[in-house]
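The values are calculated or read from the model by the stated rules, or taken from the named source; none is laboratory data. None of these values were measured; they are calculated from a predicted model. Glycine gets a Cβ as well: all are built from the backbone with ideal geometry, and neighbour counts include every protein chain shown.
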Amino acid sequence: MAGGGEGGDAHLLALLVKSRDEPGVLYRVSEVMYRHSANITYVSTIGGGEIQFELEGVADHGTLVAELRQLDPVRSVEIVPSFGEIFGKRVIVIGGGAQVAQVAQGAVTEADRHNIRGERISVDTMAIVGEDKLAAAVRAVARLHRARILVLAGALMGGDISNAVLEIRAQGIIVICTSMAGSVPDACDLVVTDSLEAGVMAVMLIADTAKFSIEEIRGRRY
């Protein structure tokens, strides 16, 4: 398991690289990873010369880390737990403030129940209005690390928001919404009238500890 030592799981390795903040560092570090046949599944620049990588396919963790530490701009390399291990899957809730709060309450309560049993499910919310802003936010969910499901909460959504919903569903993101006017309900995987219950169901749909599949209920309205 990443973070468990320099001889950990060959399938996943998370590294925090601290270096001088200068041009070319990312290239030099990734070049070493390439030589070790590492598939970089996630990279995040934290600032001040700190970069977190998540890698797959590294057969020899210790040798890779040793070579990275020998690079001139690198100050330190630390094996850390992956974000998936710490924060797990993400539920994203977007829409009108009052309904977002209700969805979040249901999702957090249900996530707590599953996290006690070993899950790692986090809930992120953003209250936002306006078709253009909402459509952009929906499309961005597909680019968020660890995002698995989106809940749209509001009274009226349609137009380009519906197009955005169909686009991210095609990329593997489950989308559910509260009962509302507009074309978004027809574009979503699932419609749930009660905002609190929408949050509960969102967690249940992505929890490995719940026997609940979107394939069994897709297209329904509750």
Fill in the blank from the handout: Okay, helices (runs of 4 or more DSSP H) sitting entirely in the range 1-98 with 1 or more residues that are modelled with pLDDT of 95 or more and of a type in the set (D, E, K, R), I get 25-35, 61-69
Problem - One residue from 173, 161, 168 being at pLDDT 95 or above and closer than 19 Å to residue 104 by Cβ - result: 173
Problem - Residue check for residue 110: acidic (Asp, Glu), touching a helix residue (DSSP H, G or I) at 6+ places or on another chain (Cβ under 7 Å) and under 30 Å from residue 130 (Cβ atoms) - result: yes
Practice task
Take the range 36-81 and flag every residue that is among the polar types (S, T, N, Q), surrounded by 15 or more Cβ atoms within 10 Å (Cβ to Cβ) and within 14 Å of residue 11 (Cβ to Cβ).
Solution key: 41
Fill in the blank from the handout: Here the residues within the range 187-205 that are acidic (Asp, Glu) and part of a loop (DSSP other than H, G, I, E, B) are 189, 194
Problem - Within the range 206-222, considering residues that are assigned to a helix (DSSP H, G or I) and free of Cβ contacts under 8 Å to residues at least 24 places away in the same chain, the one surrounded by the fewest Cβ atoms within 10 Å (Cβ to Cβ) - result: 215
Fill in the blank from the handout: Counted residues in the range 87-108 being under 16 Å from residue 149 (Cβ atoms), over 16 Å from the mean Cα position of the chain (by Cα) and not hydrophobic (A, V, I, L, M, F, W, C) come to 2
Fill in the blank from the handout: Filtering the range 33-47 down to residues that are more than 24 Å from the chain's Cα centre (by Cα) and either assigned by TED's automatic domain parsing to the domain that holds residue 144 or within 24 Å of residue 84 (Cα to Cα) (or both) yields 34, 36, 37
Exercise for the section: Inspect the range 108-121 for any residue being crowded, with 16+ Cβ neighbours inside 10 Å, touching a Phe, Trp or Tyr at 6+ places or on another chain (Cβ under 9 Å) and assigned to a strand (DSSP E or B) and give the result as yes or no. Expected result: yes
Handout entry: Within the range 172-206, considering residues that are among the small types (Gly, Ala, Ser) and within 11 Å of residue 149 (Cα to Cα), the one nearest to the chain's Cα centre (by Cα)
Key = 172
